[in-house]
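**Q** Here it is, the structure, as structure tokens.
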Amino acid sequence: MPSGNMLIESGHDSGDAWDMLPLVLPDVQAHATSGAPLVDYHRDHPASKAFDLLRTRLVQALRKNNWTRIAVVAPTSSCGATFTAVNLALSLARVPGSRSVLVDLDQRKPGVAQALALDGDWPISDFLSGRRLMEEHMVRLSDTLALALNSEVNQNASEQLHDQVTAAVLEDAEADLNPDVVLYDMPAMLEYDDLAAFLPELDGVLLVSDGTQTTKAQIEECERILDGQAPLLGVVLNRGRDAAQ
């Protein structure tokens, strides 16, 4: 069971695996002082409106194609993939009656827990290998958002994503939780082969580009890797350059 003072209940037995996940409470003060706005705490920020629009377009595409599993990934590090995944998950979670799951599969630089100001012990490799049960590892941030967090770097991450045990664990979790959307935060696409290893398990990919560093050639290389493997659902621009510059 995750450690830390944010655990406020251990779930309740309603016969629904979703309700049995522990409910956690983020550090609201940490969000208030964060330099990276989260949509739940900065509703008037332009980023919040942008993520709501992205949410609506994504949900429409998923429903049209009967998809659920989406990777959020950037060509290189520090482009804002985790920032995008977390804010998109929070925006999705505001839809009443919905169920969204955010999985931190970036075992190179895990950051979802930190972004949400959650403090605990979540070695996701133990969950993916079956050494830790879903209800022992996963938590709920609300009635509409569940999290599979990570707190440890794993140098063998891509090998684990090749393992059929990992695929089975995630498929079982999805079957038990019955989510509308599962978002996977992934490490940099052109720096590691984690996404390539995980592509057979995905319905689509959202690519996050950084207006201050991502190049056209990098985006084209990502498109080449995805070609015939998984649909590219869109390119999200983070930190766009001022058009007047």
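**Q** Give the whole-number value, in cubic angstrom per residue, of the convex hull volume spanned by the C-alpha atoms of the range 86-149.
**A** Working: hull volume 5.3 nm³, N = 64.
In the range 86-149, the Cα hull volume divided by residue count equals 83 Å³.
**Q** Which percent of the accessible area of the range 84-136 is formed by carbon and sulfur heavy atoms (probe 1.4 angstrom)? If you can, show how the numbers build up before the last one.
**A** Values: 820 of 1730 Å².
Result for the range 84-136: 47 percent of the exposed heavy-atom area is carbon or sulfur.
**Q** Still on this structure, I have one more. Rolling a 1.4 angstrom probe over the protein chains, ignoring ligands and nucleic acids, what is the accessible area of K49 in square angstrom, nearest 10?
**A** Answer for K49: close to 130 Å² accessible.
**Q** Also, quick follow-up: Give me, ordered by chain and number, the residues 5 or more places off S151 or on other chains with an amide H under 5 Å from its own placed amide H.
**A** W122, I124
**Q** Additional query: Hey, can you find the accessible area per residue of the range 95-210 for me, probe 1.4 Å, expressed in square angstrom? Walk me through the numbers on the way to the answer.
**A** On the way: 4230 Å² over 116 residues.
Accessible area per residue: 36 Å².
**Q** For V101, which sequence-distant residues (separation of 5 or more, or a different chain) have an amide H within less than 5 Å of its own amide H, given hydrogens modelled in the peptide plane?
**A** Distant-sequence amide H within range of V101: A146, V181, V182, L183.
**Q** Taking the Cα centre of the range 80-219 as origin, work out the dipole magnitude from +1 charges on Lys and Arg Cβ and -1 charges on Asp and Glu Cβ, in debye rounded to 20. Intermediate results must be reported in sequence, preceding the final value.
**A** Values: 8 positive and 23 negative charges, 99 e Å.
Taking the Cα centre of the range 80-219 as origin, the dipole is about 480 debye.
**Q** Now, a different point. What ³J(HN,Hα) values, in whole Hz, does the Karplus curve 6.51 cos²θ - 1.76 cosθ + 1.60 give for the range 156-172 when θ = phi - 60°, with x put for Gly and Pro?
**A** 9, 4, 5, 5, 5, 6, 6, 5, 5, 4, 4, 4, 5, 4, 5, 5, 5
**Q** Could you go through the range 204-217 in sequence order and give the Karplus-derived ³J(HN,Hα) for each residue, using 6.51 cos²θ - 1.76 cosθ + 1.60 with θ = phi - 60°, rounded to whole Hz, and x for Gly and Pro?
**A** Per residue, the Karplus-derived 3J(HN,Hα) values read x, 9, 9, 9, 9, 10, 9, x, 9, 9, 6, 9, 4, 5 Hz.
**Q** Report ³J(HN,Hα) in whole Hz for each residue of the range 179-187, in order, from the Karplus equation J = 6.51 cos²θ - 1.76 cosθ + 1.60 where θ = phi - 60°; Gly and Pro get x.
**A** Once rounded to whole Hz, the list reads x, 7, 9, 10, 9, 10, 7, 10, x.
**Q** In whole angstrom, how far apart do the alpha carbon centroids of the range 186-245 and the range 145-173 sit?
**A** 21
**Q** Evaluate 2.2 N^0.38 Å with N set to the residue count of the range 135-177, then give the Cα radius of gyration divided by it.
**A** Numbers: Rg = 12.1 Å, N = 43, 2.2 N^0.38 = 9.2 Å.
Against the empirical 2.2 N^0.38 Å value, I get 1.32 for the range 135-177.
**Q** By a straight-distance test (C-alpha under 13 Å), which aspartates and glutamates pair with K49 as possible cross-link partners, with residues fewer than eight away in the same chain excluded?
**A** Qualifying aspartates and glutamates at Cα under 13 Å: D40.
The values are calculated or read from the model by the stated rules, or taken from the named source; none is laboratory data. On a predicted model such as this, the values are computed, not experimentally measured, just so you know. Cβ: placed from backbone, ideal geometry, glycine included. Neighbour counts: every protein chain shown. Ligands, DNA and RNA are excluded from the accessible area calculation, which covers all protein heavy atoms including side chains. Shrake-Rupley method; radii C 1.70, N 1.55, O 1.52, S 1.80 Å.
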